[in-house]
Amino acid sequence: MERLTATQIPTVELDFMNHDHAEASQQINSLDQLIKDGLAGDLSSQEKIEPLLIAMYEHSETHFAREEAEMMRVNFPAYGCHSGEHKRVLEELSSVLQQWQESGDLNQLAAYVDKTLCDWLINHISTMDTVTAMFVGRYDQSAA
Ligand SMILES: [Fe+2]
Ligand SMILES: [Fe+2]
């Protein structure tokens, strides 16, 4: 079963953000599956974890940069708060990758995905991303 289902991911007012969120949740589901297969003893799954973690970091960078560019464009008042959270999560993902490279500890990685990353994504979308998308939508409507 997939770790994150489409119904768990809130829809926001901007399509490009919904696309990025769908991609992020697909990557989390793939990682979750690789971890499960790895815990069952599948070595080829374990080997795919590092490139996927790198791809997740890179996608997060572009996903966050797209939101930040929109926030700058419309002078979003909570830019610092929202972009600061992006920065924090990129640092976290980078240290998770480093930990994985050093230890290869599947249980530690499983706990991070299950207890931290999934909840973070859902919370972040339902709070900061939702408010940002609403603000951008209203800005564009009033400018039209
Ligand atoms: Fe987002
Ligand atoms: Fe965001």
So, over other residues within a Cβ distance under 11 Å of MET128, counting Lys, Arg +1 and Asp, Glu -1, the net charge is -3
Counting Lys and Arg as +1 and Asp and Glu as -1 over every other residue whose Cβ sits under 13 Å from the Cβ of LEU39, the net charge comes to -4
Relative to the chain, whose Cα atoms define the longest principal axis, helix 15-39 and its Cα axis are tilted in degrees, nearest 10, by 10 degrees
Note to self: Kirkwood Rh of the chain, Cα pairs, one decimal, Å, is 16.1 Å
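If you roll a 1.4 angstrom probe over the protein chains with everything in place, what fraction of the accessible area of region 1-119 belongs to carbon and sulfur, to the nearest %?
Working: 3400 of 6530 Å².
Reported share for carbon and sulfur atoms: 52 percent.
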Restricting to Cα pairs under 8 Å and 6 or more apart, the percent relative contact order of the chain works out to 35 percent
accessible surface per residue for region 13-143, probe 1.4 Å, DNA/RNA/ligands not counted, whole Å² -> 53 Å²
1/(1 + (r/R0)^6) with r = Cβ-Cβ of ASN107 and GLN8, R0 = 35 Å, i.e. FRET efficiency to nearest 0.05, evaluates to 0.90
Toy charge model, Lys and Arg Cβ at +1, Asp and Glu Cβ at -1: the chain dipole around Cα centroid in debye, rounded to 20, equals 300 debye
Inter-part gap, Cα centre of region 22-36 to Cα centre of region 45-101, in whole angstrom, is 16 Å
Rounded to the nearest 0.05, FRET efficiency between MET1 and ALA69 (Cβ-Cβ, R0 30 Å) equals 0.25
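The values are calculated or read from the model by the stated rules, or taken from the named source; none is laboratory data. Just so we're clear, the structure is a prediction, and the values are computed from it rather than from any experiment. Please note: Cβ atoms are built from the backbone with ideal geometry, for glycine as well, and neighbour counts cover all protein chains shown. When the accessible area is computed, the model is the full protein with side chains, heavy atoms only, and any ligands, DNA or RNA have been set aside. Shrake-Rupley method; radii C 1.70, N 1.55, O 1.52, S 1.80 Å.
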